[in-house]
Amino acid sequence: ENILKYVLKNPQELSRIVNILCDFLTLYSKALIENGAECIIIADPLSALISPQHYNIFSLEALRVIVNEIKKRNKIAVLHTCGNAIKILKHMAETGAHILSIDKYIDIKTAITTVDKVIMGNIPTALFLSNPEKVKEYTLEILLISKGYRHIVASGCEIPPYANPECIKEMVKAARSFNTMILRR
């Protein structure tokens, strides 16, 4: 909340904070890679709340720096933006991330046809609190919509710690069975 106030009231201070965070996350990414990480997920919890213009001013360059650091080490960079980030999806693609991870709020068909990137996510995290059959139905529905596009089935955000483990297994099982079915055709 305070960060959002800085966008309008104190943009210079926000830029300073973003630069500090960028430096920290770049070092953190390096440390993760040095300790064996093959893929780094950059979580961006706020950018969906700001305008595309403010994204370009405050987020884009910092994210590019982090992504480039990951790519320089031949690792995979995933950019996850929480919330409805459809208005900044094209800008997210400009970060250079290999994969864009989207929340449940973005229509999967819109996402996969808007940017030429691998799209990951879109399964509502609340589904993992329900039952495996609901997860299976939703997963297969999303896979039918995204068939022929580069889409990785995954939760739209963090899976709750008290989620039903059988629901998570069912998402993976449904994705595997769908891929097997497609390959047989």
> In the range 126-185, which chymotrypsin sites (Phe, Trp or Tyr not before Pro) are in a loop and have at most 11 other Cβ atoms within 10 Å, using DSSP for the loop call?
Replying inline: Tyr162
>> With loop defined by DSSP as not H, G, I, E or B, and exposure as at most 13 other Cβ atoms within 10 Å, which is the longest segment of the chain clear of exposed GluC sites (Glu not before Pro)?
In response: 39-157
> Taking a threshold of 27 Å on the Cα-Cα distance, which of the pairs Lys5/Lys30; Lys87/Lys136; Lys90/Lys147 fall above it?
Replying inline: Lys5/Lys30; Lys87/Lys136
> Can you list the lysines whose alpha carbon sits under 19 Å from that of Lys134, skipping same-chain ones fewer than 8 residues off?
Replying inline: Lys104, Lys169, Lys173
> What does the convex hull of the Cα atoms come to per residue for the range 123-185, in Å³?
Replying inline: 71
> Relative to the first principal axis of the alpha-carbon coordinates of the chain, what is the inclination of helix 11-34, with its axis defined by its Cα atoms, in degrees from 0 to 90 and to the nearest 10?
Replying inline: 50
> Where does helix 132-146 land angle-wise versus the long Cα axis of the chain, in degrees 0 to 90, nearest 10?
Replying inline: 70
>> Could you work out the relative contact order of the chain? I mean the mean sequence separation of Cα pairs under 8 Å and 6+ apart, divided by the number of residues, in percent.
In response: 16
>> Going by amide H atoms built from the backbone, whose H comes under 5 Å of the H on Ile76, apart from near neighbours?
In response: Cys39, Ile40
>> At 222 nm, what value in deg cm²/dmol follows for the chain if DSSP H runs of at least 4 each add -39500 (n - 2.57) and the sum is divided by all its residues, to the nearest 500?
In response: -16000 deg cm²/dmol
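Under the Kirkwood approximation applied to all pairs of distinct alpha-carbon atoms, what is the hydrodynamic radius of the range 1-148 in Å?
Numbers: mean 1/r = 0.0610 Å⁻¹.
Here the Kirkwood hydrodynamic radius works out to 16.4 Å.
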> Points 7 angstrom from Cα along the Cβ direction at Ile145 and Asn74: gap in nanometres?
Replying inline: 3.7
> Helix 60-72 versus the longest principal axis of the chain: what is the Cα-based angle in degrees, 0 to 90, to the nearest 10?
Replying inline: 70
> Which ³J(HN,Hα) values in Hz, rounded to whole numbers, follow from the phi angles of the range 169-176 under the Karplus curve 6.51 cos²θ - 1.76 cosθ + 1.60, where θ = phi - 60° and Gly and Pro get x?
Replying inline: 4, 5, 4, 5, 4, 5, 5, 5
>> Compute a Gaussian network model of the chain, connecting alpha carbons closer than 10 Å, and tell me which residue from Ile20, Ile76, Ile106 fluctuates the most.
In response: Ile20
> Hey, which aspartates and glutamates would be in cross-link range of Lys109, C-alpha to C-alpha under 14 Å, not counting anything within fewer than 8 residues on its own chain?
Replying inline: Glu141
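No value in this document is a laboratory result; all are computed from the given coordinates. Just so you know, these numbers come straight off a predicted model, no measurement behind them. A quick note on method: Cβ atoms are made from the backbone with ideal geometry, for glycine too, and the neighbour counts reach across all protein chains shown.
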